[in-house]
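Asks: Pasting in a structure now, in structure tokens, and then I'll have a few things to ask.
The values are calculated or read from the model by the stated rules, or taken from the named source; none is laboratory data. Just so it is clear, the model here is predicted, and its values are computed rather than measured. Backbone-built Cβ (ideal geometry, glycine too); neighbour counts: all protein chains shown.
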Amino acid sequence: MTMQNKEYQEFLESNAQVPEELTQAVHKGIATLINPSPWMTFAKLFGIHMVVGVLSLAVCHQFGVNPFGTKYSLSDWFMNMGGHEFCMAACGFFFFAGSILAAGYIFTIEELRTLKKNELVQTLSLAVISLGLLAAIGAKLALGITLLWVLGGLVGGFLATQTVWKLKEIRIF
């Protein structure tokens, strides 16, 4: 019998009791991992969105915001493809889909499940906060195009959430 097997046999034969406090702490820790808080999931998503959102502005200027002073933008291509309305919806799509795809890579499957359960609320919250921050740095917002941007963002958020969910299920992410 190897040393490990011997120690395991001794463990099985012992009558030691695990303290109740330790049992409760382990159960609580596991429950937190299996059912993450929607607030904590949103806080993590918001942090990812802040980084990815700023980076996305480098390649797709939105509402006149170009923080890095880049010359070329996806928004020019979107504008040529379908006009200003298409451009705003496509930029919203890109802005939110990029953040949620990045989150899908970082999140656990349990956090993604929480995101999926609260998808509309979390995406709308990201939109409102993002619009507030964009307005604070001087974005030119108008109701009509802003609504198209939010609609594009909702569609992008929904499709990205479904995509990362499928990728996590088949263990690509």
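Asks: Cβ contacts < 8 Å: first residue under 21 Å from Ile109 (Cα atoms), restricted to region 45-71; second residue among the polar types (S, T, N, Q), any location; separation 6+ or different chain. Result?
Replies: Leu45/Ser99; Leu45/Gln122; Ile48/Ser99; His49/Ser99; His49/Ser130; Val52/Ser99
Asks: Separate question: Looking at Gly53, Gly47, Gly104 in this structure, which one is surrounded by 19 or more Cβ atoms within 10 Å (Cβ to Cβ), under 15 Å from the mean Cα position of the chain (by Cα) and under 18 Å from Asn118 (Cα atoms)?
Replies: None of the other options fit; the residue is Gly104.
Asks: Okay, next question. Of the residues Thr32, Thr70, only one is surrounded by 11 or more Cβ atoms within 10 Å (Cβ to Cβ) and either farther than 21 Å from Ala139 by Cβ or at pLDDT 90 or above (or both); which?
Replies: Thr32
Asks: Within region 11-33, can one find any residue that is in a helix (DSSP H, G or I), aromatic (Phe, Trp, Tyr) and under 43 Å from the mean Cα position of the chain (by Cα)?
Replies: No: zero hits.
Asks: Which of the residues belonging to region 125-143 are touching a residue at least 24 places away in the same chain (Cβ under 8 Å) and more than 18 Å from the chain's Cα centre (by Cα)?
Replies: Selection gives Leu134, Ile137, Gly138, Ala139, Lys140, Leu141.
Asks: Considering every residue within region 74-87, establish whether at least one is crowded, with 19+ Cβ neighbours inside 10 Å, at pLDDT 90 or above and not hydroxyl-bearing (Ser, Thr, Tyr).
Replies: Within region 74-87, one or more residues are crowded, with 19+ Cβ neighbours inside 10 Å, at pLDDT 90 or above and not hydroxyl-bearing (Ser, Thr, Tyr).
Asks: Out of the residues in region 135-173 that are within 18 Å of Val52 (Cα to Cα), β-branched (Val, Ile, Thr) and crowded, with 19+ Cβ neighbours inside 10 Å, which is modelled with the highest pLDDT?
Replies: Val150
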